[in-house]
Amino acid sequence: GYDFIHSPERLTTPLIMKDGRQVPASWDEALDLVANKLMEIKTQHGPDALAGISCARSINEDSYNMQKLFRAVIGTNNIDHCARTCHAPTVAGLAMAFGSGAMTNSFADFEKAKLIFVIGSNTTEAHPVAGAYIKRAVLQGAELIVCDPRFNGIAEHAHLYVPIKVGSDVAFINGLMHVIIKEGLHDRDYIANCTTGFEALKAKVAEYPPERAAAIAGISPEMLIDTARRLARVKPAMLVYTLGITEHTCGVNNVLSTANLQMLLGNVGFECGGVNPLRGQNNVQGACDMGALPNVFTGYQKVTDPAAREKFQKAWGVEKLPDQVGLMIPGMFEGIEKGTIKGLWVFGENLANTEPDIRHVEHCLEKVDFLVCNDIFNTETTRFADVVFPAAAWSEDDGTFTNSERRVNRVRKAVEAPGEAKPNWWVFREIAKRLGQEWASASGQEIWDNEVSELAPALKGIKYRRLENDGLQWPCPSEDHPGTVCMHTGGKFTCGLGVFNPVDWTPPAEVPDAEYPLVLSTGRRLYHYRTRTQTGRCEGLNDLLGEETADISFADASAIGVADGEKVRVSSRRGQVVVKARVTRQVPQGLVWMAFHFREGNANWLTNPVYDPISQTAEYKACAVRLEKA
Ligand SMILES: Nc1nc2c(c(=O)[nH]1)N[C@H]1C(S)=C(S)[C@@H](COP(=O)(O)OP(=O)(O)OC[C@H]3O[C@@H](n4cnc5c(=O)[nH]c(N)nc54)[C@H](O)[C@@H]3O)O[C@H]1N2
Ligand SMILES: Nc1nc2c(c(=O)[nH]1)N[C@H]1C(S)=C(S)[C@@H](COP(=O)(O)OP(=O)(O)OC[C@H]3O[C@@H](n4cnc5c(=O)[nH]c(N)nc54)[C@H](O)[C@@H]3O)O[C@H]1N2
Ligand SMILES: [Mo]
């Protein structure tokens with residue numbers, strides 16, 4: 001799937017919108033225009049009238065420079081990136097429970113694990129490498145329990161498959177913990193020595209006896225009890241989750257539930273244990289670490305902490321950094337709608353296809369006064385832009401990526417960028433220069449070694465010269481530190497004691513009714529990556545999967561009289577699409593499952609723009625739809 005790098009459709013010159021058309025321009029013209037326009041908006045409306053969205057496809061050094069531009073030069077914390085749409089509940093929830101929002105263990109553990117509990121994860125399609133490790137563990141005798149509304153690829157390898165209903169995870173996990181405590185299967189010593197808040201958790205899960213929890217989850221009480229006993233039988237056990245857990249209005253509560261369960265069983269802080277969210281993009285862990293988030297600087301140092309601000313003020317040579325938490329992506333759209341956000345910079349995201357409710361998103365992209373994009377291709381989003389910068393892709397620049405297991409890896413330039421395309425960090429640096437700040441660091445290595453690693457304590461020991469071969473896993477606090485394979489060991493969490501956070505089950509914001517009687521849940525397919533700007537330019541992949549489908553059960557197909565491959569209309573309160581039905585045993589009656597890889601038939605014409613109250617992550621995994629023969 002690398003053909004896209006050499007695609008003739010790559011952007012090769014800056015583009016500027018003139019009379020409703022984007023025309024090629026010189027770098028100087030485009031950079032001057034953006035710098036002047038940003039300054040004009042800042043002068044007229046203040047720095048908080050500007051907002052930026054960074055890219056988790058691109059190297060750490062790009063995200064670092066972008067958040068530095070917004071904070072140190074423009075003077076706003078309105079900076080975010082696509083972690084908002086996937087693992088923001090992880091970052092928030094695991095930080096509340098453990099003091100660090102990252103995956104606790106490492107990929108190498110998967111193969112050695114004795115019991116793996118996979119919940120809400122399309123592992124074989126969306127994380128095929130991690131999925132291969134899990135399959136291998138099963139071949140070597142590990143027990144696998146999979147909990148997912150769909151009988152997905154990883155479920156085929158499970159010893160126990162638990163088909164819970166979409167949006168019922170908190171009730172299900174509370175039910176598991178009810179049984180574990182009632183039967184005395186919890187780890188009393190671990191709970192007493194390493195955690196706090198157990199009594200409150202115990203009181204909360206007492207409200208979820210197996211009958212009640214199982215009824216909400218749509219399974220039998222016996223299956224719930226069996227799951228609880230199996231989980232308690234093997235120690236340590238690994239828990240793996242992804243977006244089936246996070247992309248809900250209760251996403252943070254779902255994450256807290258996984259942490260509660262693993263602490264109750266005494267499974268956190270050991271090899272082959274822990275809570276393991278598989279992060280989505282090659283560098284989404286890194287974009288978070290760099291501080292492309294509205295509440296933290298590089299290394300998760302809070303913008304509201306005066307000491308942190310002082311440290312960054314000194315490092316960046318500015319008098320005053322903004323002290324208010326900035327806007328998250330949904331807040332940026334709201335600001336555009338209200339007229340308080342005048343300028344938006346979108347670096348490497350295709351929001352017009354990936355945010356929920358496409359019609360509303362496009363209305364906002366149209367409405368904002370000034371839109372800047374950096375991308376490697378023209379996309380449905382860049383067509384709204386006043387200026388488009390052509391970017392060097394990952395293969396055309398030196399830098400680092402940080403993967404899901406916190407491993408910082410070197411990325412090396414393999415080919416020249418096409419035409420006049422430039423590294424993204426260079427673009428942000430040029431804008432800073434035009435706005436009066438000369439930044440010394442002029443390469444990926446200088447940015448990392450002299451700034452990132454000096455500013456973030458967990459990255460202090462990571463320098464480019466140490467990143468040959470397999471890279472290093474943070475926390476790595478000093479240059480003689482070997483990096484950290486497993487976090488929260490020795491009975492000590494990053495925050496001291498692990499914190500139990502009792503939570504209640506809440507249903508999705510939109511549930512089926514007479515008008516929209518089915519649940520729509522959305523996700524990914526193996527052969528395409530998100531909006532196909534990259535995989536759509538790979539011939540072989542298009543041959544393997546060429547269009548969107550709606551995956552439905554035999555029962556729902558026969559109820560409306562369609563056969564596999566015939567067209568159906570899927571409608572929600574937001575819009576409708578017509579796609580082929582894929583009639584499959586993977587999906588239970590009452591559920592429609594779709595992806596968002598294709599512009600036509602994209603599930604985001606239908607999805608519901610409602611958000612988790614803490615993390616502002618959209619409920620991509622549940623809304624109500626109607627199905628008709630088309
Ligand atoms: N091929 C491919 N790989 C990708 C991507 C891609 O576009 N294509 N995208 C990348 C990105 S950005 C990300 S974030 C990851 C995402 O990786 P995943 O989260 O593994 O991918 P999804 O397909 O969204 O799968 C979510 C799973 O959750 C289940 N689910 C839905 N609702 C619920 C629920 O209420 N409870 C439970 N327990 N399960 C539920 C679904 O049936 C599905 O199996 O994948 C990454 N990898
Ligand atoms: N219905 C539904 N919608 C979803 C989800 C879901 O599960 N269901 N999942 C959500 C999730 S988890 C995510 S992460 C988002 C993803 O949302 P987006 O980040 O918007 O997804 P992409 O389409 O991959 O957009 C990435 C853009 O970056 C560009 N790009 C790639 N490499 C480079 C580079 O090196 N430099 C530059 N400058 N640009 C580059 C690509 O061409 C592309 O235009 O989608 C979300 N949307
Ligand atoms: Mo993602």
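Values quoted throughout were computed directly from the atomic coordinates according to the rules given, and no laboratory measurement underlies them. Just so you know, these numbers come straight off a predicted model, no measurement behind them. Using ideal geometry, Cβ is built from the backbone for each residue, glycine included, and neighbour counts are taken over all protein chains shown.
Within the range 345-397, the ratio Rg/Rh, alpha carbon atoms throughout and Rh by Kirkwood, equals 1.00. Sorting the segments 607-617, 409-419 by their residues' average number of neighbouring beta-carbon atoms within 10 angstrom, most packed first, yields 607-617, 409-419.
Kirkwood hydrodynamic radius, the range 311-448, all distinct C-alpha pairs: what's the number in Å? Computed over Cα pairs of the range 311-448, the Kirkwood hydrodynamic radius comes out at 17.3 Å.
Charge tally for Asn105 (other residues, Cβ to Cβ under 11 Å; Lys, Arg +1; Asp, Glu -1): -1. Under the convention that each Lys and Arg Cβ holds +1 and each Asp and Glu Cβ holds -1, the size of the dipole of the chain around its Cα centre is about 780 debye. For the pair the range 449-501 and the range 73-126, the centres of their Cα atoms are 16 angstrom apart. Summing charges over all other residues whose Cβ lies under 15 Å from the Cβ of Gly540, with Lys and Arg as +1 and Asp and Glu as -1, gives 0. Label separation (Arg465 vs Arg573): 6.0 nm, computed from points 7 Å beyond Cα along the C-beta direction. Note on the range 92-247: the alpha carbon radius of gyration divided by the globular reference 2.2 N^0.38 Å gives 1.02. Equivalent ellipsoid of the range 463-573: semi-axes from √(5λ) of the C-alpha gyration tensor, largest first, are 45, 28, 11 Å.
Hydrodynamic estimate: the Kirkwood radius of the chain over Cα pairs, inserted into Stokes-Einstein at 20 °C and 1.002 mPa s, corresponds to D of 86 µm²/s. What's the FRET efficiency of Lys338 with Ala206 using the Cβ-Cβ distance as r and R₀ = 41 Å, to the nearest 0.05? E between Lys338 and Ala206, to the nearest 0.05, is 0.40. Volume of the convex hull of the range 12-161 (Cα atoms only), normalised per residue: 197 Å³. List the residues of the range 1-17 whose backbone N lies under 20 Å from a point placed 7 Å from the Cα of Asp543 along the Cα-to-Cβ direction. Correct set: 1-8.
On a C-alpha basis, how far is the centre of the range 225-280 from the centre of the range 6-65 in Å? Whole number, if you could? If we compute the Cα centre of each part, the gap is 41 Å. Under the simplified labelling scheme, the Leu497-Asp564 pair shows an inter-label distance of 5.6 nm, with each label point 7 Å from Cα along Cα→Cβ. Normalised by the number of residues in the chain, the mean separation of alpha-carbon contacts (under 8 Å, six or more apart) gives a relative contact order of 21 percent.
Size descriptors for the range 172-315 (Cα atoms only): Rg and Dmax, in that order, 18.4, 60 Å. Using just its DSSP H runs of length 4 or more, each adding -39500 (n - 2.57), the chain gives a mean residue ellipticity at 222 nm of -9000 deg cm²/dmol after division by all residues. Each peptide in 378-385, 266-273, 564-571 receives the mean, over its residues, of other Cβ atoms within 10 Å, and ordering these scores from highest gives 266-273, 378-385, 564-571. Each Lys or Arg adds one and each Asp or Glu subtracts one; over the other residues with Cβ under 9 Å from the Cβ of Glu143, this totals +3. Gain on full extension, evaluated as 0.36 nm per residue between Thr304 and Val415 minus their Cα-Cα distance, stands at 35.8 nm. Scaled to the globular estimate 2.2 N^0.38 Å, the Cα spread of the range 552-607, given as radius of gyration, is 1.07.
Extension gain, Ser220 to Ser478: 0.36 nm times the residue separation minus the Cα-Cα distance gives 87.7 nm. Taking every DSSP beta bridge that has both ends in the chain, the antiparallel portion is near 40%.
Which parts of the range 319-363 would a label at Ala630 reach, counting a residue when its backbone N lies under 19 Å from a point 7 Å out along Cα-to-Cβ? Residues 353-354, 357-360 qualify, since their backbone N sits under 19 Å from the label point. For the peptides 81-94, 584-597, the ranking by mean Cβ contacts within 10 Å, running from highest to lowest, is 81-94, 584-597.
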